[in-house]
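K.L.:
After the C-alpha cells below, expect a handful of questions from me.
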Amino acid sequence: MAKIVIGIDESYTRTGITVLEDKKLIKMYSVNFDGCKNNYDKRKELRSVLESILNKLLRKYKPIEIKCIIERIRTFSGGHMSSQYLITTGGLIVTILDVFLEHGIKVYSVDTKSWKNAVVGTSKPKENPYGINPNKYPTIQYLKTKGLLKKIVIPYKGRGTKGIVNVRINGVKTPCKINDDIADSYCIAMYGFLPKSKQKLKEENF
C-alpha cells in the first residue's frame, strides 16, 4: 500500500504544499493566489488545488493511505494574540479540513518548533550573508543537503540583492529567490515519517 504524507504550510500570502511517498518526493506546489481579490477567493483557490492533488493521487494509487499535516495556528505572536488572525487563519484551515475529511482523510497539525527541531535539527534562527530571513535559513540549508534547492527557487530578474542566491540551473548561475513556504511544507511532510513515538501531532476536526 502506498503511504502518502501531504505537508502544508498554510498562509493567505502564499501556501506551500509537498506530497511525499515513503519519504520520496512526488510533487511540490506553491499556491500564490494570483488574481485573488480577497480571502474568500484565496480559500476557493486553495480548495481547488487540494482537490486536484487528491484526485490525482486517488486515481494513481490503489490502495492508498494518506495523512495530511498542517502547521498549527500560533495563538500568540510576539506575546500578543490577534483575534482577527485566529479567525481568518481558522477559515483557511477549515477549508483544508473540508477537502480531506470529505475523502475520509485525517488532518493533523504540528507546532513549528516541533517539526523544525525534529526534522531540520534546530528551531533557532541563523544569520546568513544572503539577507534571507534568519528564521527560514536553517530549513533552506536542510533542503540543500537533500539536493532539493532547485525545487524551491524562483529565478529573479530584478536589481535587488537581499535574499537573492545564485543557483546553477541548466549549467548557468542564475540569481534566484527562495520559496521558503515550499521548504517548510517539505519538512512538515517529512515529520509524518518520523517514528510515532517522536511525533507530537494533534488531530484537527473542528
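K.L.:
Starting from region 179-206, take each residue that is more than 13 Å from Ile152 (Cβ to Cβ) and list its partners that are in a helix (DSSP H, G or I) and of a type in the set (S, T, N, Q), counting only C-beta distances under 9 angstrom and pairs at least six apart or across chains.
P.N.:
From region 179-206, the pairs are Tyr191/Ser114; Gln199/Ser114; Lys200/Ser114; Leu201/Ser114.
K.L.:
May I ask you to verify whether Leu194 is in contact with a helix residue (DSSP H, G or I) (Cβ under 8 Å, 6 or more places away or on another chain), open to solvent by 20 Å² or more (accessible area, probe 1.4 Å) and modelled with pLDDT of 95 or more?
P.N.:
Against the criterion (in contact with a helix residue (DSSP H, G or I) (Cβ under 8 Å, 6 or more places away or on another chain), open to solvent by 20 Å² or more (accessible area, probe 1.4 Å) and modelled with pLDDT of 95 or more), Leu194 qualifies.
K.L.:
Still on this model: Mind checking which pairs have a first residue in region 42-56 that is in contact (Cβ under 8 Å) with a residue 24 or more places away in the chain and open to solvent by 50 Å² or more (accessible area, probe 1.4 Å) and a second that is in a helix (DSSP H, G or I) and not basic (Lys, Arg), Cβ under 7 Å, 6 or more apart or different chains?
P.N.:
Close Cβ pairs (under 7 Å, with a partner that is in a helix (DSSP H, G or I) and not basic (Lys, Arg)) amount to Arg43/Gly91; Arg43/Leu92; Arg43/Thr95; Arg47/Thr95; Arg47/Val99; Glu51/Val99.
K.L.:
Still on this structure: Could you tell me whether Lys200 is open to solvent by 80 Å² or more (accessible area, probe 1.4 Å), outside any helix (DSSP H, G or I), charged (D, E, K, R) and under 30 Å from Glu65 (Cβ atoms)?
P.N.:
yes
K.L.:
With respect to the numbered conditions (1) of a type in the set (D, E, K, R); (2) without any contact (Cβ under 8 Å) to a residue 40 or more places away in the chain; (3) over 20 Å from Lys23 (Cα atoms), which one is the sole condition not fulfilled by Lys136?
P.N.:
In the conditions (1) of a type in the set (D, E, K, R); (2) without any contact (Cβ under 8 Å) to a residue 40 or more places away in the chain; (3) over 20 Å from Lys23 (Cα atoms), Lys136 misses (2) alone.
K.L.:
Let me ask something additional. Can you go through Asn55, Asn32 and tell me which one is of a type in the set (S, T, N, Q) and within 19 Å of Lys106 (Cβ to Cβ)?
P.N.:
Matching residue, one of Asn55, Asn32: Asn55.
K.L.:
Going residue by residue through region 97-108, is there one that turns out to be more than 28 Å from Thr75 (Cα to Cα), in contact with a helix residue (DSSP H, G or I) (Cβ under 7 Å, 6 or more places away or on another chain), touching a residue at least 40 places away in the same chain (Cβ under 8 Å) and surrounded by fewer than 18 Cβ atoms within 10 Å (Cβ to Cβ)?
P.N.:
yes
The values are calculated or read from the model by the stated rules, or taken from the named source; none is laboratory data. Bear in mind that the values here come from a model prediction, so they are computed numbers and not experimental data. Heads up, the Cβs are rebuilt from the backbone with ideal geometry, glycines too, and the neighbour counts pull from every protein chain shown. These area figures cover heavy atoms from the full protein model, side chains too; ligands, DNA and RNA do not enter into them. Shrake-Rupley method; radii C 1.70, N 1.55, O 1.52, S 1.80 Å.
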